[in-house]
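These notes are about the structure you will find just below.
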């Protein structure tokens, strides 16, 4: 593989890693401490939807991260057809 393509894929993996590591803490920080950064229309929708959730944003994000990790591990460890089914159903349920 040419070095330019390999470097591009390496950089793409780095950005994907940084995005996946920083997205959840950014979500929790904005919802908890910096809600003035969210536009008013979206903030009204978030307040209405957050009133029905019994957990704070941090616990909600932790549950979501654990659920995604469990689904990923289940999809990797189960036999091929069952693992694919678990991955698809899990993606539909979370989405």
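Taking the condition in a helix (DSSP H, G or I), touching a helix residue (DSSP H, G or I) at 6+ places or on another chain (Cβ under 6 Å) and without any contact (Cβ under 8 Å) to a residue 12 or more places away in the chain, does residue 87 pass?
Spelling it out, it is not the case that residue 87 is in a helix (DSSP H, G or I), touching a helix residue (DSSP H, G or I) at 6+ places or on another chain (Cβ under 6 Å) and without any contact (Cβ under 8 Å) to a residue 12 or more places away in the chain.
Given the structure, is residue 30 in a helix (DSSP H, G or I), exposed (fewer than 10 other Cβ atoms within 10 Å of the Cβ) and not assigned by TED's automatic domain parsing to the domain that holds residue 90?
Spelling it out, it is not the case that residue 30 is in a helix (DSSP H, G or I), exposed (fewer than 10 other Cβ atoms within 10 Å of the Cβ) and not assigned by TED's automatic domain parsing to the domain that holds residue 90.
Any residue at all in the stretch 65-80 that's assigned to a helix (DSSP H, G or I), within 21 Å of residue 28 (Cβ to Cβ) and touching a residue at least 40 places away in the same chain (Cβ under 8 Å)?
Within the stretch 65-80, one or more residues are assigned to a helix (DSSP H, G or I), within 21 Å of residue 28 (Cβ to Cβ) and touching a residue at least 40 places away in the same chain (Cβ under 8 Å).
Is one or more of the residues making up the stretch 48-61 in a helix (DSSP H, G or I), farther than 23 Å from residue 90 by Cβ and either touching a residue at least 24 places away in the same chain (Cβ under 8 Å) or in contact with a helix residue (DSSP H, G or I) (Cβ under 8 Å, 6 or more places away or on another chain) (or both)?
Checking the stretch 48-61: at least one residue is in a helix (DSSP H, G or I), farther than 23 Å from residue 90 by Cβ and either touching a residue at least 24 places away in the same chain (Cβ under 8 Å) or in contact with a helix residue (DSSP H, G or I) (Cβ under 8 Å, 6 or more places away or on another chain) (or both).
The values are calculated or read from the model by the stated rules, or taken from the named source; none is laboratory data. Because the structure is a prediction, the values reported are computed rather than measured. Ideal geometry is used to build each Cβ from the backbone, glycine not excepted, and the neighbour counts take in all protein chains shown.
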